Amino acid sequence: IAGNWKMNKTCQQTRQYFEEMLPGIDCEGRDVVICPTYLSLKDAVEATAKTNVKIGAQNMHYEESGAFTGEVSAEMLKEAGVQFVIIGHSERRTYYAETNESVNKKVKKALLSELTPIVCVGENLDQRQKGETFDFVREQIEKSLEGINDERLVVAYEPIWAIGTGVTATSEQAEEVCEFIRGVLGEKCKENSEKIRILYGGSVNASNIKELMSCKDIDGVLVGGASLKSDFVKIVNYE
Ligand code: PGA
């Protein structure tokens, strides 16, 4: 269960969040990851050091170092105590021209650096309405994961029309695509496809978590808005 804070919370707000939330979070049998902004990573790592909550970044560069103004490398994230990294979120694909090709380079670099990549895919409303969802998601997976077969991969299916809109995909819609993704991973990654974790993301909240998590091919969730609030404790502790 991963929380993506996007561009929210200062360092001070990060520390306060963990002070208030950590006592309530029960990680027993669940992997819990929070992805704050780069600046808050160190505070988040420190605050969670004695707990099972893990910290992830929201992006990284695929090169080791060099003239890439504004970018952060895998090594820098590792040194800060980061264990996960979101790669290819639709907001990065839309606003920062992230492509399947750059996602592919980043995923390879993350795995080499022993960071667990959470690779995001998902169609927009127009594509869904035109019946292009499966073709589009297949292309994203095939290109983003070209040359990669690794059980540590995490793939997040995030239909763009469900992100930040309050419109969650129904559990049938979410499972249908996650099952499809498992099949595409099976063609690519053979037996590893059963171990690769598939998350659903898009307006996940405390009321829909249980139903989403009961789906066969949904192993977890990527939570945006609701991860900023006390709701996240309810999501993590869902029964
Ligand atoms: P949301 O965002 O939960 O606010 O819809 C999900 C995401 O973008 O990962």
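Of all residues in the range 113-139, exactly one satisfies the criterion of being within 16 Å of the ligand (Cβ to nearest atom) and of a type in the set (Gly, Ala, Ser), namely Gly122. Please work out which residue is most open to solvent (accessible area, probe 1.4 Å), limiting yourself to the range 140-181 and to residues that are within 16 Å of the ligand (Cβ to nearest atom), within 24 Å of Lys106 (Cα to Cα) and in a loop (DSSP other than H, G, I, E, B). It comes out as Ile163. If only residues of the range 27-42 that are open to solvent by 10 Å² or more (accessible area, probe 1.4 Å) and either part of a loop (DSSP other than H, G, I, E, B) or on the phi > 0 side of the Ramachandran plot (or both) are counted, the one that is modelled with the lowest pLDDT is Cys27.
One residue stands out in the range 75-101 among those that are hydroxyl-bearing (Ser, Thr, Tyr), within 13 Å of the ligand (Cβ to nearest atom) and more than 13 Å from the chain's Cα centre (by Cα): the one that is surrounded by the most Cβ atoms within 10 Å (Cβ to Cβ), namely Thr94.
Going by the structure shown, is Ala67 open to solvent by 40 Å² or more (accessible area, probe 1.4 Å), within 22 Å of Gly202 (Cα to Cα) and outside any helix (DSSP H, G or I)? Judged against the criteria, Ala67 is not a match.
Within the range 102-133, the set of residues being part of a helix (DSSP H, G or I) and either at pLDDT below 95 or open to solvent by 60 Å² or more (accessible area, probe 1.4 Å) (or both) comprises Lys105, Lys108, Leu112, Leu125, Asp126, Gln129.
For the range 5-26, a residue qualifies if it is open to solvent by 10 Å² or more (accessible area, probe 1.4 Å) and closer than 20 Å to Val119 by Cβ, and exactly one does: Lys6.
The values are calculated or read from the model by the stated rules, or taken from the named source; none is laboratory data. What you see is a predicted model; the values in this text were computed from it and never measured. For neighbour counting, all protein chains shown are included, and Cβ atoms are generated from backbone atoms with ideal geometry for every residue, glycine included. We work out accessible area using only protein heavy atoms, side chains counted, and drop any ligands, DNA or RNA first. Shrake-Rupley method; radii C 1.70, N 1.55, O 1.52, S 1.80 Å.
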